[in-house]
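No lab work stands behind these numbers, since they all come straight from the coordinates. Keep in mind it's a predicted model, so treat the numbers as computed, not measured. Heads up, the Cβs are rebuilt from the backbone with ideal geometry, glycines too, and the neighbour counts pull from every protein chain shown.
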Amino acid sequence: MTTVRNIAAGVRSMTSNAFLVDGERAVLVDAGSDFDAVARIEDATGSIDALVLTHTHPDHVGNVESVVEAFGVDIWGYDPDHPLVDHAIEDGETVRLGDHDFEALHTPGHKDDHLCFHSAEAGILFAGDLVFANGGFGRTDLPEGNRETLVDSIEYLLATLDETLSAMYVGHGPAVDSNPLYHVELAAQAAKMG
């Protein structure tokens, strides 16, 4: 059975959440920054099979080098031209995280290379920095940020999701395990108002 743990939990630094998805294929979704991700992975599962990125902002990739060095894993992300990305994941492509297949959704607006990962079977969404709990949504005031594009990406995400969604893991802040679809709908409304 797939389990998801935030190995960045409790860290007091400028880091994203970093989700260790355990199961048939142990995968780290985002590496976080400025904490000992290697030790936390070793304590939790001993090792990982791959590192998947929602996007390449520094707070999500700061620990990439140490994770790759420790576990010898390849890095998967949207932009194969980015120096950290070994293998491209295209929109609509399927990736194995834990015990389930997840559809990759290209969702720019916060950053051009942003991906969300959704498994209808598992009822899980990795939302990166697109949407957050309580209707929060990703910043658009950074390079490559664009509010209109972000709104389109949230709408694209909503078109993919349904009531079977039971857990949403976000790039910052708490995971949402109570009616996560409602939180995505709130984010869509809030982003349109800005």
Open item on the list: I'd like to compare 50-57, 173-180, 74-81: which one has the highest average count of other Cβ atoms within 10 Å, and what's the full order after that?
Closed with: 50-57, 74-81, 173-180
Task: Helix 147-160 axis, angle to the chain major axis (alpha carbon atoms, nearest 10°) - done: 80
Open item on the list: Considering all alpha-carbon pairs of segment 75-167, what whole percent are spaced by more than 24 angstrom?
Closed with: 19
- [ ] Enumerate the residues in segment 158-188 having an amide nitrogen under 15 Å from the point lying 7 Å beyond the Cα of A120 toward its Cβ.
- [x] 158-166
TODO: Towards the positive end of the charge dipole of the chain, with charges on Cβ (+1 Lys, Arg; -1 Asp, Glu), say which of H118, M14, P80 has the farthest Cα.
DONE: M14
Task: Intensity falloff of the chain expressed as log10 I(q)/I(0), Debye formula with alpha-carbon point scatterers, at q = 0.10, 0.12 Å⁻¹ - done: -0.35, -0.51
- [ ] Starting from the amide H of T2, placed 1.01 Å from N in the peptide plane, find each other amide H under 5 Å away whose residue is 5 or more places distant or on another chain.
- [x] D99
Open item on the list: Using only Cα atoms and rounding to the nearest 10 degrees, what angle (0 to 90) does helix 180-193 make with the longest principal axis of the chain?
Closed with: 60
TODO: Taking 7 Å along the Cα-to-C-beta vector as the label spot, tell me the T164-Y182 distance in nanometres, rounded to one decimal.
DONE: 2.2
TODO: Note the full-extension length gain between K192 and M14 as 0.36 nm times their separation in residues minus their Cα-Cα distance, in nm to one decimal.
DONE: 61.3 nm
